[in-house]
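The structure under discussion appears below in the form of structure tokens.
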Amino acid sequence: MMNETYSIGVDIGGTKINTGLIDARGQIKAMTTILTGSETGYEVIADRVVRQVRTVLDQAGMEITDLKSMGFGVPGTVNSQAGLVLYAPNLDWREAPFTEIIRREFAIPIALGQDTHAAVWAEFLFGAGVGCRNIACLTIGTGIGCGLVIDQQLYLGGLKYVGEVGHSLVELDGRPCSCGNRGCLEAYASGTAIQKRGRELIEDIDGVVQDPRKGLTTQDILKAAGEGRQGAQQVLDEAVSYLGMGIVNLIHLFGPEKVILSGGLGSVEDLIADPVRAFVKERSYSNVADLVEITTAELGEVAPMIGAAFLYRDHRYQFRS
Ligand SMILES: [Zn+2]
């Protein structure tokens, strides 16, 4: 077993935390999932992550010294050199020295990165981006995130806020966004935006909602649109047009060979990916439209966890003490 190299990848999401023991080919050898409990703060969460790492090692019969490194993907901006989560709105973390707590427990190299960056790196190494030099991976769920691989390198930018496609502007004086701005893509094409618009446009909401305790969900809207219900179809048509705009802009800027759609909404082939392809074909430079491939993700929701395990090995995402 020990001829293989292993790392730990941890994806800290707004609702749950996935921790996995990953081999050099991206295979998950052991994994656990817990609820985040984001209201408890980063110290408590760090302690729980430490226990989760130990659980995963126990499952595999390994020790921490058997590992090459450990990496974390978080839903926010980070200062990877300082091991600091600068701002993660879904966790309510600001300037959180998260990796410092982890480092006290485990004497191995630790890397910290943004979850969307970890996800695109996993798709590049082992998923839908294999064989490409330049890819963009959009995660369309509650919000819209994006990671970029340019010339086979994870693109980190210079200002730490790279790939914020969800906050690219698609309307001058448009809908308010959670970031405080107006007219952001996220306010038109995220799951949250689709739910909100669904409540405005779907007439028979009670007939569409599948679980009254949850209220109107994006799944309800997708199902209703699939059945041809008019309001639901209009909600998706609008969202797809805006998403298409964001993607056309992205393609014209970076020229990726592939745009990978992931997340709860992005991976819906018939109602999201297909119409997005049609929009992009119609609205981007024709020579670009013929070349770029828009595809759904292959690794699913474990992509950020798998990619996080390779952040230290492959990138400048290193904790320097
Ligand atoms: Zn915004």
Considering residues that are in a strand (DSSP E or B) and farther than 18 Å from ARG313 by Cα, the number found within region 95-141 is 8
Applying the selection to region 207-228, what residues are β-branched (Val, Ile, Thr) and more than 23 Å from the chain's Cα centre (by Cα)?
-> VAL208, VAL209
Matching residues in region 209-253 - criterion: being farther than 18 Å from ASP270 by Cβ, buried (at least 16 other Cβ atoms within 10 Å of the Cβ) and of a type outside the set (Ser, Thr, Tyr) | VAL209, LEU216, GLY231, MET245, GLY246, VAL248, ASN249, LEU250, ILE251
So TYR161, is it in the same structural domain as ILE247 (by TED's automatic domain parsing), under 17 Å from the mean Cα position of the chain (by Cα) and away from the ligand (no atom under 16 Å from the Cβ) = no
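Residue-by-condition table, conditions (1) farther than 25 Å from GLY141 by Cβ; (2) in contact (Cβ under 8 Å) with a residue 60 or more places away in the chain; (3) not hydrophobic (A, V, I, L, M, F, W, C); (4) not in a helix (DSSP H, G or I):
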| residue | (1), (2), (3), (4) |
| --- | --- |
| GLU4 | yes, no, yes, yes |
| GLY9 | no, yes, yes, yes |
| ILE22 | no, yes, no, yes |
| GLU39 | no, no, yes, no |
| VAL44 | no, no, no, no |
| GLN52 | no, no, yes, no |
| VAL56 | no, no, no, no |
Which pairs do you get when a residue that is over 16 Å from ALA273 (Cβ atoms), found in region 233-256, comes within reach of a residue that is basic (Lys, Arg) and in a helix (DSSP H, G or I), reach meaning Cβ atoms under 6 angstrom, with the pair 6+ apart or on two chains?
-> VAL235/ARG197
Within region 142-168, which residues are touching a strand residue (DSSP E or B) at 6+ places or on another chain (Cβ under 6 Å), more than 22 Å from GLY14 (Cβ to Cβ) and surrounded by fewer than 19 Cβ atoms within 10 Å (Cβ to Cβ)?
-> TYR155
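One line per residue, one yes/no per condition, for (1) away from the ligand (no atom under 16 Å from the Cβ); (2) in contact with a helix residue (DSSP H, G or I) (Cβ under 6 Å, 6 or more places away or on another chain); (3) of a type in the set (S, T, N, Q):
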| site | (1), (2), (3) |
| --- | --- |
| ALA118 | yes, yes, no |
| THR142 | no, yes, yes |
| GLN153 | yes, no, yes |
| GLY157 | yes, no, no |
| GLU171 | no, no, no |
| SER178 | no, no, yes |
Can you name the condition, by its number, that THR116 falls short on among (1) in contact with a Phe, Trp or Tyr (Cβ under 8 Å, 6 or more places away or on another chain); (2) in the same structural domain as ASP23 (by TED's automatic domain parsing)?
-> (1)
May I ask you to list the residues in region 261-292 that are in contact with a helix residue (DSSP H, G or I) (Cβ under 9 Å, 6 or more places away or on another chain) and over 20 Å from ILE194 (Cβ atoms)?
-> LYS281, GLU282, ARG283, SER284, TYR285, VAL288, ALA289, ASP290, VAL292
Matching entry among GLN219, GLN233 (being farther than 28 Å from GLY129 by Cβ and either within 16 Å of the ligand (Cβ to nearest atom) or not β-branched (Val, Ile, Thr) (or both)) = GLN233
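Please work out if ASP220 is over 19 Å from THR139 (Cα atoms) and in the same structural domain as ARG277 (by TED's automatic domain parsing). Before you say what the answer is, go through the steps one by one.
On the way: over 19 Å from THR139 (Cα atoms): yes; in the same structural domain as ARG277 (by TED's automatic domain parsing): yes.
In short, yes.
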Run HIS167 past the list (1) away from the ligand (no atom under 14 Å from the Cβ); (2) free of Cβ contacts under 8 Å to residues at least 24 places away in the same chain and report the number of the one that doesn't hold.
-> (1)
Looking at ARG182, is it within 16 Å of the ligand (Cβ to nearest atom) and not acidic (Asp, Glu)?
-> yes
Name the residues in region 185-208 that are surrounded by fewer than 18 Cβ atoms within 10 Å (Cβ to Cβ) and within 12 Å of the ligand (Cβ to nearest atom), would you?
-> THR192
State which residue pairs qualify: first residue farther than 14 Å from GLN219 by Cα and inside region 179-200, second residue among the charged types (D, E, K, R) and part of a helix (DSSP H, G or I) in any location, beta carbons under 8 Å apart, and separation of 6 or more residues or different chains.
-> CYS179/GLU186; TYR188/GLU238
Of the residues ALA273, ALA309, which is small (Gly, Ala, Ser) and assigned by TED's automatic domain parsing to the domain that holds LEU21?
-> ALA309
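The values are calculated or read from the model by the stated rules, or taken from the named source; none is laboratory data. A quick note: this is a predicted structure, and the numbers were derived from the prediction, not measured. Every residue, glycine as well, gets a Cβ built from its backbone with ideal geometry; the counts of neighbours run over all protein chains shown.
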